[in-house]
1. Fully extended, how many nm does the chain gain between A:Leu24 and A:Phe49 (0.36 nm per residue separation, minus their Cα-Cα distance)?
2. Roughly how compact is the range A:193-241, stated as its Cα Rg over 2.2 N^0.38 Å to two decimals?
3. Excluding same-chain residues fewer than 8 positions from B:Lys14, which lysines have a Cα within less than 28 Å of its Cα?
4. Which chymotrypsin sites (Phe, Trp or Tyr not before Pro) does the range B:1-91 hold that lie in a coil by DSSP with at most 15 other beta carbons within 10 Å?
5. How many nm separate the modelled label positions at A:Glu298 and B:Glu123, each set 7 Å beyond the Cα in the direction of the Cβ?
6. Take the alpha carbon atoms of the range B:99-173, find their center, do the same for the range A:2-59, and report the distance between the two centers in whole angstrom.
7. Find the eigenvalues of the gyration tensor of the Cα atoms of the range A:87-179, then list the square roots of 5 times those eigenvalues as equivalent ellipsoid semi-axes, largest first, in whole angstrom.
8. Taking a label point 7 Å from the Cα of B:Arg46 along the Cα→Cβ vector, which residues of the range B:189-221 have an amide N closer than 15 Å to it?
Amino acid sequence: MTGSRAPVFASDLAALISARDAELVDIPVIQPADQFLDMAGEDLRRRIFLTENENGQSLCLRPEFTIPVCRNHIELNAATPKRYAYLGEVFRQRREGGNEFFQAGIEDLGDANRARADARSLADAIASIRLVAPKAELETLLGDQAIFEAVLAALGLPRGWQKKLARAFGNPGQLKGLLADLSSSQKNGSLPDRLTALVADGDETGLAAALEQDMQVAGISPGAGRSPHEIARRLIEKANLASVKLPAQAFAALETFLAIRVPLQTASTHLRTFSRANEFDLGPALDQFEARVVAVREAGIEQENIVYDAAFGRPLDYYTGLVYETRALASPDLGAIVGGGRYDRLLTMLGAVDSIPGVGFSIWLDRLEKIAGDAR
Amino acid sequence: MTITLALPSKGRLKEQALEVLEKAGLKVILPKDQRNYRAQVEGDSRIDILFLSASEIARELGYGSVDLGVTGEDLIRESLSAADERVQIEARLGFGHADVVVAVPEVWYDVSTMADLDDVAAEYRQRHGRRLRIATKYWRLTQQFFSQMHGIQVYRIVESLGATEGAPASGSADIIVDITSTGSTLQANHLKVLEDGIILKSEACLVSSRRSADPTAVAALAQRIQAAIARG
């Protein structure tokens with residue numbers, strides 16, 4: 001399917017999502033490109049349609065809705081909680097399928113009851129699919145960035161390693177490579193003699209002063225980018241890490257955790273058993289997870305096939321907790337029909353003064369249309 | 001039917017390309033008028049020579065508007081998406097050596113590998129309110145190396161059209177991706193190449209377009225040049 005025709009069910013779907021207490025918003029097709037490259041990364045550059053205005057500002061055709069919807073919310077200085085719905089074309093260079101296709105979704109901003117908002121997002125997403133493909137066999141994979149981070153903390157890993165591993169969440173290949181790296185030791189590159197002793201003594205102030213001199217010689221402004229203190233701290237941190245090894249026991253516990261893949265309704269029990277067996281305290285992350293499971297049950301989607309996969313994540317650095325994707329079991333090659341997640345960091349990154357929690361999902365209408373044809 | 005062979009229009013690359021052709025028994029009769037960018041091969045009317053800039057050659061090979069060309073591998077891989085589907089490298093010519101590398105300020109003593117850079121990039125925004133900036137004119141190579149090979153997503157490319165190596169000192173970027181042959185320019189600017197920061201070892205190549213209208217003639221000419229290089 002190429003072309004830009006809206007699927008026949010588009011207006012019904014727009015009615016369904018806006019009836020779920022969400023305001024249908026119009027987002028301009030032409031958007032400043034920086035916000036997308038900043039948030040989603042430069043990898044997006046080859047997939048968006050970039051252009052420039054007369055002043056040389058980079059513009060692009062809207063490649064997705066979440067970022068402009070959140071930006072719009074910040075610019076309007078709108079009150080929270082607030083729910084936005086959208087349905088429209090997005091433009092991406094794809095190898096498969098057309099470059100113009102439709103997406104619809106809901107962004108739920110500022111609901112302090114995160115468990116309830118998460119469950120509602122899942123219920124809205126699944127209801128949207130069900131409107132069009134009532135009989136399709138679906139599987140929703142649910143992951144949780146916060147649980148993964150809590151496990152890393154409970155393993156007693158140094159903070160530097162925790163952060164590194166947390167970034168690789170949802171990317172099994174990268175995670176595996178990192179674990180192998182961490183089992184061996186990392187060293188600082190060759191240092192000039194005058195710095196070696198300062199690093200060994202952990203003398204951050206002395207080291208920073210020496211680095212600042214080096215910067216001046218190189219003509220680099222110590223205030224413009226990485227500061228001497230920042231470099232000094234990381235040098236000392238690395239020197240300390242070089243002597244730590246990932247204990248085999250921690251390694252095994254992490255592997256056991258990542259292999260957990262169970263129906264959501266039994267997931268809390270599994271996580272409790274796992275943390276007891278390893279004497280971990282997963283703290284508020286687990287409480288939040290359990291509250292969400294309860295909320296999902298109350299949202300009336302317990303008959304749906306929702307699977308908790310401990311290793312499932314979506315590789316964007318603004319996701320903070322829940323992440324999920326719904327696929328059609330009959331069309332595994334199609335990819336996700338819906339993708340969603342919680343992005344409590346995104347609005348601050350986009351310039352919101354107060355921290356505003358958010359959760360949302362996006363439906364690929366071309367994929368939905370396909371499974372509707374298959375399953376009806 | 002004639003085929004078009006594109007050659008660099010100036011400098012050492014042009015001279016060395018002409019030498020390689022001469023070894024293969026292809027003597028290019030240079031136009032009397034220096035501004036003319038077309039030429040012929042002595043005693044062979046089936047080959048058209050076209051002088052273009054090295055980056056234009058890469059692009060034209062991708063379109064298939066020239067059949068063969070001599071240009072740097074860096075320009076081929078930078079100018080063309082899915083380069084291997086559109087062109088084929090027929091021979092490495094042994095000149096025009098340059099590495100495309102990731103270089104950071106020497107004073108970043110804590111950063112010696114891409115893994116270090118990943119750590120720095122991940123925390124950059126939180127510390128400095130903006131992403132780590134990379135100055136380069138090789139945005140495609142940079143993006144493939146950082147995003148696809150090393151899983152580093154959070155950085156921004158600042159397109160630089162000249163004097164890339166000065167970007168960290170001028171404050172327009174934090175690090176650079178650029179070509180280097182001896183490393184002396186990097187050194188003079190107090191920059192160092194990361195241990196695993198070599199993106200591509202480039203040199204001048206004979207490249208054919210997969211969209212040529214006369215693949216047989218292209219293959220024959222490529223073979224003739226390959227044989228000459230093999231003879232040394």
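Values in this text are rule-based calculations from the coordinates and carry no lab data. Since we're looking at a predicted model, the values are computed, not measured. For neighbour counting, all protein chains shown are included, and Cβ atoms are generated from backbone atoms with ideal geometry for every residue, glycine included.
1. Taking 0.36 nm per residue and subtracting the Cα distance, the gain is 6.5 nm.
2. Normalised by 2.2 N^0.38 Å, the Cα Rg of the range A:193-241 equals 1.08.
3. B:Lys23, B:Lys27, B:Lys32, B:Lys137, B:Lys201
4. Sites meeting the loop and neighbour criteria: B:Tyr37.
5. 4.0
6. Measuring centre to centre over Cα atoms gives 28 Å.
7. Ellipsoid semi-axes (Å, largest first): 32, 21, 14.
8. The answer is B:213-221, whose backbone nitrogens lie closer than 15 Å to the label point.
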